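Trainee: First the structure, which I've put down as structure tokens, then a few questions once you've had a look.
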Amino acid sequence: MKPTLVAAALLGLTNACQNASAAEGYEINGQFKNVPVGTTLHLSELTSSQFVERGTAKTDAQGKFTFKGTLPVAAAVYQLKVDEPNQVLLVLDNKSRVTLAGDAKSLPATYSVKGSKDSELMQQLTRHLTASKVQMEALGKRYNAAGQAGQTDSLPAIEKRFYVVQGRSAARTRSLIRREATSVAAGFATLSFVNPDEDFAFADSIAAVQRKAQPGSPFTQALTERLEPLRATAIGTNAPEINLATPGGTPLSLKSLRGKYVLVDFWASWCGPCRQENPNVVKAYNQFKDKGKGFTVYSVSLDDDKDRWTKAIAADGLLWPNHVSDLKKWQNAAASAYGVQAIPQSFLLDPTGKIIAKNLRGEALQAKLAEVLK
């Protein structure tokens with residue numbers, strides 16, 4: 001179990017509709033607590049590959065500072081930094097008049113910004129995601145401590161709580177972005193903080209809004225390009241057909257398993273995380289194979305060595321009969337159709353072949369199966 005957060009993408013932004021001749025220059029006026037006099041603050045633009053410094057300012061005896069000047073683009077995402085742990089993201093253009101305040105020793109959790117709706121959205125997202133990260137990291141530590149102490153009975157409850165917190169965090173993130181869906185910050189935040197595997201429909205809806213509201217933005221282009229490979233396997237779509245050979249050489253189609261809930265599981269004998277997850281899949285199979293309409297697993301191996309593949313099936317006790325591969329490793333035809341670039345990766349299908357969940361692990365898989373196989 002790992003707390004997950006989507007890291008901020010290092011991408012720049014331009015607004016094609018601005019008139020460069022109308023540029024007036026930007027200004028940031030701020031005051032930080034707990035900052036020594038003469039501390040140098042750095043303002044850097046997020047470009048396509050790195051932070052590029054655009055200005056510096058020093059704090060006075062009251063912690064006050066001012067940045068002002070002309071920016072190289074009409075609108076972009078900037079980082080204002082005291083030091084590595086204490087930095088904030090702002091959206092600025094050449095008409096920005098922003099005021100900033102906060103505690104320099106705990107800036108992400110304490111700062112406030114006025115004068116820019118985009119920057120205010122960034123602040124709300126930062127505060128929310130920081131609080132969620134603290135909660136999830138605490139649960140991760142509890143989980144590890146319980147495991148090391150042999151308190152295995154408590155692990156499912158901690159893991160369940162973790163996923164509840166993660167789900168609420170994702171819902172709050174969506175809500176904040178949706179309020180300002182046409183803004184520069186919304187495009188950046190969707191690209192940076194939304195997991196498209198889990199929230200494809202939401203991310204796709206924001207991308208559609210951004211294509212109209214911010215057609216010249218690299219965020220719009222990057223978000224569209226990121227979503228396109230996932231479109232064929234988005235939750236709610238019909239799973240692409242697979243028809244590969246079993247270890248015995250007989251073709252086995254995914255379609256032949258219609259009528260049951262099916263976990264399409266991409267794995268390989270050489271993949272350590274896959275082998276670690278296999279006991280959870282075995283447990284789910286044994287628990288739900290005969291319930292309701294039934295449950296089975298369709299395992300797609302990205303092996304290129306048949307002997308290693310079949311030995312791993314036996315060693316891990318993968319008792320279901322649905323094992324297929326074309327022994328082409330990352331050139332596996334099914335992996336290409338499903339956009340698989342890392343394993344383990346899985347897709348849960350309903351009896352009609354529609355994708356209803358993706359990448360369920362451990363207790364999350366069992367909880368979902370318990371929900372649908374009542």
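Trainee: Is it the case that the stretch 264-272 has a residue that's under 12 Å from ASN322 (Cβ atoms), among the aliphatic types (A, V, I, L, M) and at pLDDT 95 or above?
Mentor: Pass one, the stretch 264-272, residues under 12 Å from ASN322 (Cβ atoms): 264-265.
Remaining after also requiring among the aliphatic types (A, V, I, L, M): 264.
Next cut, at pLDDT 95 or above only: 264.
Scanning the stretch 264-272, I find at least one residue that is under 12 Å from ASN322 (Cβ atoms), among the aliphatic types (A, V, I, L, M) and at pLDDT 95 or above, so the answer is yes.
Trainee: In the stretch 12-40, what count of residues is obtained for those that are modelled with pLDDT under 90 and part of a loop (DSSP other than H, G, I, E, B)?
Mentor: 10
Trainee: Take the residues of the stretch 316-341 that are in contact (Cβ under 8 Å) with a residue 60 or more places away in the chain and among the charged types (D, E, K, R): which is nearest to TRP270 (Cα to Cα)?
Mentor: LYS329
Trainee: Report, by residue number, each residue of the stretch 185-207 that is touching a Ser or Thr at 6+ places or on another chain (Cβ under 7 Å) and more than 26 Å from LEU348 (Cα to Cα).
Mentor: Here is the first cut: in the stretch 185-207, the ones touching a Ser or Thr at 6+ places or on another chain (Cβ under 7 Å) are 187, 193-194, 203, 206-207.
The answer is GLY187, and nothing else.
Trainee: So, one more: Scan the stretch 134-143 for residues that are open to solvent by 30 Å² or more (accessible area, probe 1.4 Å) and either of a type in the set (Gly, Ala, Ser) or not in a helix (DSSP H, G or I) (or both) and jot them down.
Mentor: Initial filter on the stretch 134-143 (open to solvent by 30 Å² or more (accessible area, probe 1.4 Å)): 134-135, 137-138, 141-143.
Of everything in the stretch 134-143, just one residue is open to solvent by 30 Å² or more (accessible area, probe 1.4 Å) and either of a type in the set (Gly, Ala, Ser) or not in a helix (DSSP H, G or I) (or both), namely ALA138.
Trainee: Go through the stretch 217-302 and tell me which strands (runs of 3 or more DSSP E), entirely inside it, have 1 or more residues that are within 24 Å of GLU371 (Cβ to Cβ).
Mentor: 261-267, 295-301
Trainee: Another question about this same structure. Which fully enclosed strands (runs of 3 or more DSSP E) of the stretch 66-133 have 2 or more residues being surrounded by 22 or more Cβ atoms within 10 Å (Cβ to Cβ)?
Mentor: On the way: elements: 75-83, 86-93, 97-103, 112-114.
Fully inside the stretch 66-133 and qualifying: 75-83, 86-93, 97-103.
Trainee: What is the one condition in (1) part of a loop (DSSP other than H, G, I, E, B); (2) at pLDDT 95 or above that LEU43 does not satisfy?
Mentor: Of the numbered conditions (1) part of a loop (DSSP other than H, G, I, E, B); (2) at pLDDT 95 or above, the odd one out for LEU43 is (1).
Trainee: In the stretch 351-360, how many are part of a loop (DSSP other than H, G, I, E, B) and either among the small types (Gly, Ala, Ser) or surrounded by fewer than 17 Cβ atoms within 10 Å (Cβ to Cβ) (or both)?
Mentor: Of the residues in the stretch 351-360, 4 are part of a loop (DSSP other than H, G, I, E, B) and either among the small types (Gly, Ala, Ser) or surrounded by fewer than 17 Cβ atoms within 10 Å (Cβ to Cβ) (or both).
Trainee: If you check every pair at least six apart or on different chains, which have Cβ atoms under 8 Å apart with a residue in the stretch 179-195 that is touching a residue at least 40 places away in the same chain (Cβ under 8 Å) and closer than 14 Å to LYS117 by Cα first and a residue that is open to solvent by 10 Å² or more (accessible area, probe 1.4 Å) and acidic (Asp, Glu) second?
Mentor: What qualifies is GLU180/ASP118; SER183/ASP118; VAL184/ASP118; ALA185/ASP118; ALA186/GLU180.
Trainee: Separate question: Just to check your reading of the model, which residue among ALA157, ALA146, ALA171 is surrounded by 14 or more Cβ atoms within 10 Å (Cβ to Cβ) and either in contact (Cβ under 8 Å) with a residue 60 or more places away in the chain or not in a strand (DSSP E or B) (or both)? Don't jump to the end; show me each part of the working.
Mentor: Numbers: ALA157 fails: surrounded by 14 or more Cβ atoms within 10 Å (Cβ to Cβ); ALA171 fails: surrounded by 14 or more Cβ atoms within 10 Å (Cβ to Cβ).
So the residue among ALA157, ALA146, ALA171 that is surrounded by 14 or more Cβ atoms within 10 Å (Cβ to Cβ) and either in contact (Cβ under 8 Å) with a residue 60 or more places away in the chain or not in a strand (DSSP E or B) (or both) is ALA146.
Trainee: Taking only pairs six or more apart or across chains, which ones have beta-carbon atoms under 6 Å, a first residue in the stretch 274-302 that is open to solvent by less than 80 Å² (accessible area, probe 1.4 Å), and a second residue that is in a helix (DSSP H, G or I) and among the basic types (Lys, Arg)?
Mentor: If the second residue must be in a helix (DSSP H, G or I) and among the basic types (Lys, Arg), the pairs left are LEU302/LYS329.
The values are calculated or read from the model by the stated rules, or taken from the named source; none is laboratory data. These figures come from a predicted structure and were not determined experimentally. Please note: Cβ atoms are built from the backbone with ideal geometry, for glycine as well, and neighbour counts cover all protein chains shown. Only protein heavy atoms, including side chains, enter the accessible area calculation; ligands, DNA and RNA are left aside. Shrake-Rupley method; radii C 1.70, N 1.55, O 1.52, S 1.80 Å.
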